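Undergrad: Before I ask anything, here is the structure I am working with.
The values are calculated or read from the model by the stated rules, or taken from the named source; none is laboratory data. Everything numeric here is computed off the predicted structure, so don't read it as measured data. Glycine gets a Cβ as well: all are built from the backbone with ideal geometry, and neighbour counts include every protein chain shown. The area values use the complete protein model at the heavy-atom level, side chains included, leaving out ligands, DNA and RNA. Shrake-Rupley method; radii C 1.70, N 1.55, O 1.52, S 1.80 Å.
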Amino acid sequence: KPESANAYELGLKTTILDGRMRFNAAVFDVDFSDLQVSSLNVEAGQGFITTNAGKATTRGVEFDIAWLVTEDLNLSANIALLDGKYDKFTNAQCYQVPAQTAAEGCTAGVQDLSGETLQYAPDYAATLSAEDSRPLGDSLRVFFRTELFLTDAQQLNSDGDPDTVQGAYEKIDARIGIGSLDGRWQAAIVGRNLTDEIIAVYAAGTPLNGNSHFGILDRTRQIGVQLRYNFD
């Protein structure tokens with residue numbers, strides 16, 4: 001069936017400290033009907049099928065703060081607190097590795113996940129960043145930016161498999177470089193996931209392949225050189 005949603009949001013946008021700080025906040029509530037989910041179906045030959053989960057709700061609070069501490073230094077934070085649950089999901093596929101038992105809630109190949117946390121719904125997620133850019137002599141500018149990403153544990157699969165939960169993690173990106181004052185060119189060293197965290201973005205059981213699990217991973221540590229030139 002088609003998926004539909006009723007979304008409600010109430011927000012606040014402010015500028016304080018003579019325009020040097022921006023503070024935005026919003027509360028939201030989204031009610032889904034016939035939420036579409038994709039899950040593994042062994043009887044379909046290891047294929048993934050799309051079904052309707054009935055009803056689900058996500059509600060939460062978001063904050064967005066940016067503070068120009070000096071003419072050169074800018075601090076910012078984006079924080080989201082989320083509560084996402086299946087209100088009604090009585091036909092969820094049972095997880096397969098190891099095979100979910102009747103004592104664990106599996107009956108005739110399906111289970112009831114009503115009241116359980118939604119897929120990809122961490123309780124919190126935040127990005128904290130600091131950026132500094134200042135002149136170096138009469139024609140150059142040096143700049144630095146770092147970002148810290150914080151994410152709570154989240155379920156990566158719609159079948160509630162306890163082995164497909166990505167634990168809470170922190171990830172750090174950074175960029176440092178030099179460029180012309182007029183923005184004509186830039187040269188920078190860029191680092192992503194500097195602490196080399198192993199982070200899964202999807203996972204599922206593979207019962208027909210040695211009763212194992214597979215996962216799709218986010219990129220691990222990356223170091224690169226970035227060159228930019230504006231021809232205009």
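Undergrad: Considering the range 167-191 alone, what residues qualify as being in contact with a Gly (Cβ under 9 Å, 6 or more places away or on another chain) and under 23 Å from TYR124 (Cα atoms)?
TA: If the condition is that a residue be in contact with a Gly (Cβ under 9 Å, 6 or more places away or on another chain) and under 23 Å from TYR124 (Cα atoms), then ILE172, ASP173, ALA174 are the ones that fit.
Undergrad: Follow-up question, since we're still on this one. Check whether at least one residue in the range 121-129 is open to solvent by 70 Å² or more (accessible area, probe 1.4 Å), free of Cβ contacts under 8 Å to residues at least 40 places away in the same chain and not in a loop (DSSP other than H, G, I, E, B), and report yes or no.
TA: no
Undergrad: Determine, yes or no, whether THR164 is under 24 Å from ASN78 (Cβ atoms) and surrounded by 12 or more Cβ atoms within 10 Å (Cβ to Cβ). So that I can check it myself, show each step before the final result.
TA: Values: under 24 Å from ASN78 (Cβ atoms): no; surrounded by 12 or more Cβ atoms within 10 Å (Cβ to Cβ): yes.
For THR164, the condition - under 24 Å from ASN78 (Cβ atoms) and surrounded by 12 or more Cβ atoms within 10 Å (Cβ to Cβ) - is not met.
Undergrad: Conditions: (1) in contact (Cβ under 8 Å) with a residue 40 or more places away in the chain; (2) surrounded by fewer than 16 Cβ atoms within 10 Å (Cβ to Cβ); (3) closer than 17 Å to TYR120 by Cα; (4) over 19 Å from the mean Cα position of the chain (by Cα). ASP83 meets all but one. Number of the miss?
TA: (4)
Undergrad: On the given criteria, is ASP132 over 23 Å from the mean Cα position of the chain (by Cα), within 28 Å of PHE23 (Cα to Cα) and crowded, with 16+ Cβ neighbours inside 10 Å?
TA: Numbers: over 23 Å from the mean Cα position of the chain (by Cα): yes; within 28 Å of PHE23 (Cα to Cα): yes; crowded, with 16+ Cβ neighbours inside 10 Å: yes.
Here the answer is yes, as ASP132 does meet what is asked.
Undergrad: Could you say which residue among ASP64, ASP87, ASP112 is closer than 30 Å to ARG20 by Cβ and among the acidic types (Asp, Glu)?
TA: On the way: ASP87 fails: closer than 30 Å to ARG20 by Cβ; ASP112 fails: closer than 30 Å to ARG20 by Cβ.
Only one candidate qualifies: ASP64.
Undergrad: OK, next. So in the range 1-23, with the set limited to residues that are in a loop (DSSP other than H, G, I, E, B) and farther than 20 Å from LEU75 by Cβ, which one is most open to solvent (accessible area, probe 1.4 Å)? Full working, then the answer.
TA: Initial filter on the range 1-23 (in a loop (DSSP other than H, G, I, E, B)): 1-3, 17-20.
In the following step, the residues that additionally are farther than 20 Å from LEU75 by Cβ were identified as 1-3.
Details: LYS1: 159, PRO2: 105, GLU3: 84 Å².
Here the residue is LYS1.
Undergrad: So which residues in the range 53-73 are open to solvent by 50 Å² or more (accessible area, probe 1.4 Å) and within 29 Å of PHE32 (Cβ to Cβ)?
TA: LYS55, ARG59, GLU62, PHE63, listed by residue number.
Undergrad: Continuing with the same structure: With respect to GLN96, is the statement that it is in contact with a helix residue (DSSP H, G or I) (Cβ under 8 Å, 6 or more places away or on another chain), open to solvent by less than 60 Å² (accessible area, probe 1.4 Å) and not basic (Lys, Arg) true?
TA: Numbers: in contact with a helix residue (DSSP H, G or I) (Cβ under 8 Å, 6 or more places away or on another chain): yes; open to solvent by less than 60 Å² (accessible area, probe 1.4 Å): yes; not basic (Lys, Arg): yes.
Yes, satisfied.
Undergrad: What strands (runs of 3 or more DSSP E) lie completely within the range 131-232 and have 2 or more residues being in contact with a Lys or Arg (Cβ under 8 Å, 6 or more places away or on another chain) and at negative phi? Let's see the steps before the verdict.
TA: Numbers: elements: 140-151, 169-180, 185-192, 200-206, 212-217, 222-229.
In the range 131-232, the matching strands (runs of 3 or more DSSP E) lie at 140-151, 169-180, 185-192, 222-229.
Undergrad: If I ask for residues that are surrounded by 15 or more Cβ atoms within 10 Å (Cβ to Cβ) and touching a residue at least 60 places away in the same chain (Cβ under 8 Å), which ones from the range 187-232 would you list?
TA: If the condition is that a residue be surrounded by 15 or more Cβ atoms within 10 Å (Cβ to Cβ) and touching a residue at least 60 places away in the same chain (Cβ under 8 Å), then ALA204, GLY205, THR206, PRO207, HIS213 are the ones that fit.
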